[in-house]
1. I'd like to verify a number: residues in segment 198-232 that are of a type outside the set (S, T, Y) and open to solvent by less than 10 Å² (accessible area, probe 1.4 Å), how many?
2. Out of segment 10-51, which residues are farther than 30 Å from N151 by Cβ, small (G, A, S) and more than 23 Å from the chain's Cα centre (by Cα)?
3. If a residue must be in a helix (DSSP H, G or I) and either crowded, with 21+ Cβ neighbours inside 10 Å or of a type in the set (D, E) (or both), how many such residues does segment 111-125 contain?
4. Do any helices (runs of 4 or more DSSP H) entirely within segment 292-397 hold 3 or more residues that are exposed (fewer than 15 other Cβ atoms within 10 Å of the Cβ), on the phi < 0 side of the Ramachandran plot and at pLDDT 95 or above, and if so, which?
5. For segment 245-275, which residues satisfy the criterion of being more than 21 Å from A59 (Cβ to Cβ) and within 20 Å of the chain's Cα centre (by Cα)?
6. Consider segment 233-247. How many of its residues are open to solvent by 10 Å² or more (accessible area, probe 1.4 Å) and either touching a Gly at 6+ places or on another chain (Cβ under 8 Å) or of a type in the set (A, V, I, L, M, F, W, C) (or both)?
7. Going through segment 358-373 one residue at a time, which ones are under 19 Å from H134 (Cβ atoms) and either without any contact (Cβ under 8 Å) to a residue 60 or more places away in the chain or out of contact with any helix residue (DSSP H, G or I) (no Cβ under 7 Å at 6 or more places or on another chain) (or both)?
8. Restricted to segment 150-195, and to residues that are of a type in the set (A, V, I, L, M, F, W, C) and either at pLDDT below 95 or assigned to a loop (DSSP other than H, G, I, E, B) (or both), which residue is most open to solvent (accessible area, probe 1.4 Å)?
Amino acid sequence: MALDLLHEKGVPLDRQRFTWRELVGRPISKLNDDAFTRVRVILMNGVESESVAFLHNLARFNADLQKPAGLVRRVDHHQATMINWLMSPDHSPLETTIAYEQVAIEVTAHVALHEPDPYLAQVYRFGLLEDFDHLHAYSALLDRLEGKDSNTILQGYSDVLPGRRTVEEHRSPEDDLRLPYQKMSAHPLSKLNALTILAGEQQTRNYYMNVGPIFSDPVARQLYAEIASIEEQHVTQYESIIDPTETWLEKWLIHEATEVWNYWSCMQSETNTRIRGIWERFLDYELGQLQVAIEQFQRIDGRDAAEVLPEQLPDPIAYESHRKFVRDTLSAEVNLRADGAEFIDVEDGEPERTLEYRNYMNSEGSPSESVRTSYQWQPGTELMQRAIALAEDRRIH
């Protein structure tokens, strides 16, 4: 069912309210809920957090918009709260990390498959292979620190294999900048894709920066520092593909449309009926918030919002396993590297600025290599394999 983006009014902003009991409701089940319910929860917390950050920046540069931005931002903050508090407390920080990487892999894979611009699709595939390697490194850490199999979180939807090795992902900042879409000619889906992936990567960077210091294990602390640095590179990459000539008000419209599109996508595929009710509620809220942005756009710019927004949303995100696509991409593109905004084969030689930067960063060792020395994922855990070996030894003797 298509959703009319410009004419659906949703819930008026003054009726978008919460109580504390609503905000902190019953969390999802770590083991019983489908893994993609958790993927949607994590992604939507990131989308809402991006909106809150954007509206804060909007208010700092536009005194006339401080009030409407503040009214919408408060609701966004509470939506993010309700969503983020759906994560159950029995998720360890490392298990949550595994879930974050599954979000990056499966959502980026969908976006790469459906992106209409070939260059932007390449950008997403490039980042995808790096997140794929992060999952492998964190899976090794989960095994060795907690004796847990990452597949308990992944539920078989995502492979645990090396990607483009993290030790080779470190680049000089100039080589993380990409070419932006052009706002007047870009397909609407390109704009929604870019902001969605940016939101997810920004949230991941922030999470790793916050939880990395809580670990006592020195390799774990270093691994979070290393991968947080790559996530910062990814934020640089994905924000650079957004046309910087978009006005503040144009960007506000796109932010609200991105939230609408994502809640609509979540609603289409959610298997937990209670959580689906949250997505439906927040879809109506975002449609109401979009009307506020449209009103400000028309009041200040004197333009029709149809100049920026499509009348109907593109097809929703498909929350499903992309194992074959990821493996095919890995096989074909693992040797790609970046030279400025372009992608090259590793044999063509990377820029000296990146080689110098990378060599210095890795000059005292690579946490992502250390953590998975001799590690290869298999069902069970390192502790389980030891127990099996001991039992076999006792049987023989």
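1. Step one: list which residues in segment 198-232 are of a type outside the set (S, T, Y), which gives 198-203, 205-206, 209-215, 217-223, 225-228, 230-232.
Checking which are open to solvent by less than 10 Å² (accessible area, probe 1.4 Å) leaves us with 199, 201, 212, 220, 223, 227-228, 230-231.
The qualifying residues number 9.
2. Across segment 10-51, the qualifying residue is only G10.
3. Going through segment 111-125, the residues in a helix (DSSP H, G or I) turn out to be 111-114, 118-125.
Next, only the ones that are either crowded, with 21+ Cβ neighbours inside 10 Å or of a type in the set (D, E) (or both) stay: 111-112, 120, 123-125.
Total satisfying the criteria: 6.
4. Working: elements: 323-333, 352-361, 367-370, 382-396.
Fully inside segment 292-397 and qualifying: 323-333, 352-361.
5. Of everything in segment 245-275, those that are more than 21 Å from A59 (Cβ to Cβ) and within 20 Å of the chain's Cα centre (by Cα) turn out to be V260, W261, N262, Y263, W264, S265, C266, M267, Q268, S269, E270, I275.
6. Of the residues in that region, 1 qualify.
7. Applying the first criterion (under 19 Å from H134 (Cβ atoms)) to segment 358-373 yields 358, 361-362, 365-373.
If the condition is that a residue be under 19 Å from H134 (Cβ atoms) and either without any contact (Cβ under 8 Å) to a residue 60 or more places away in the chain or out of contact with any helix residue (DSSP H, G or I) (no Cβ under 7 Å at 6 or more places or on another chain) (or both), then R358, M361, G365, T373 are the ones that fit.
8. Initial filter on segment 150-195 (of a type in the set (A, V, I, L, M, F, W, C)): 153-154, 160-161, 167, 177, 179, 184, 186, 189, 192, 194-195.
Within this subset, residues satisfying the condition of being either at pLDDT below 95 or assigned to a loop (DSSP other than H, G, I, E, B) (or both) are 160-161, 177, 179, 184, 186.
Numbers: V160: 14, L161: 61, L177: 86, L179: 85, M184: 161, A186: 24 Å².
Ranking the candidates gives M184 first.
The values are calculated or read from the model by the stated rules, or taken from the named source; none is laboratory data. Please read all numbers here as calculations on a predicted model, not as lab measurements. All Cβ positions, glycine included, derive from the backbone under ideal geometry; neighbour counts span all protein chains shown. Side chains are part of the model used for accessible areas, which takes the heavy atoms of the whole protein and leaves out ligands, DNA and RNA. Shrake-Rupley method; radii C 1.70, N 1.55, O 1.52, S 1.80 Å.
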